[in-house]
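Written below as structure tokens is the structure these notes are about.
The values are calculated or read from the model by the stated rules, or taken from the named source; none is laboratory data. What you see is a predicted model, and the numbers here were worked out from it, not measured in a lab. Here Cβ is always computed from backbone atoms with ideal geometry, including for glycine, and neighbour counts include all displayed protein chains. Heavy atoms of the whole protein, side chains included, go into the accessibility calculation; ligands, DNA and RNA do not. Shrake-Rupley method; radii C 1.70, N 1.55, O 1.52, S 1.80 Å.
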Amino acid sequence: QVQLVESGGGLVQAGGSLKLSCVASGSTGNIYFMGWFRQAPGKQRELVAKISSGGRTSYAESAKGRFTISRDNAKNTVYLQMNNLKPEDTAVYYCNTKNILGIDDYWGQGTQVTVSS
């Protein structure tokens, strides 16, 4: 089992920045992918960004150029730096981990990000 605890959400004005953090604990030895998903009211959960243990990153089109995902393997922590935030970024952001096969999902409890116009 892996436990994930997110932090860093909050209320910010459009154009502002936030940095989310997610710390993994428990059976972390098989974690390969760490990533962030988000879910806005009435919408499906969607991938924002993910990073492999080797540092390979992948972003949703909406996140490219504004968000940066990074990872500290020694601390089992993944970060999401979000710049130039827009009202449409408002959502609950969830941390996610997967093993190298892309399965064995674990999820955090979510952290609310609200961007005001």
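Checked against the criterion of being modelled with pLDDT of 95 or more and under 22 Å from Thr90 (Cβ atoms), the candidates Ser52, Ser21 yield just one match: Ser21.
Of the residues that make up segment 32-45, is at least one touching a residue at least 24 places away in the same chain (Cβ under 8 Å), open to solvent by 60 Å² or more (accessible area, probe 1.4 Å), within 25 Å of Thr114 (Cβ to Cβ) and not in a loop (DSSP other than H, G, I, E, B)? Scanning segment 32-45, I find at least one residue that is touching a residue at least 24 places away in the same chain (Cβ under 8 Å), open to solvent by 60 Å² or more (accessible area, probe 1.4 Å), within 25 Å of Thr114 (Cβ to Cβ) and not in a loop (DSSP other than H, G, I, E, B), so the answer is yes. Looking only at residues in segment 69-115 that are free of Cβ contacts under 8 Å to residues at least 40 places away in the same chain and small (Gly, Ala, Ser), the one that is surrounded by the fewest Cβ atoms within 10 Å (Cβ to Cβ) is Ala74. Scan segment 68-84 and tell me whether some residue there is on the phi > 0 side of the Ramachandran plot and at pLDDT 95 or above. Checked segment 68-84: at least one residue is on the phi > 0 side of the Ramachandran plot and at pLDDT 95 or above.
Number of residues in segment 1-22 that are open to solvent by 30 Å² or more (accessible area, probe 1.4 Å) and either in contact with a helix residue (DSSP H, G or I) (Cβ under 7 Å, 6 or more places away or on another chain) or assigned to a loop (DSSP other than H, G, I, E, B) (or both) equals 6. Just so you know, in segment 47-66 the residues that are touching a Phe, Trp or Tyr at 6+ places or on another chain (Cβ under 6 Å) and part of a strand (DSSP E or B) include one that is farthest from Thr114 (Cα to Cα), and it is Lys50.
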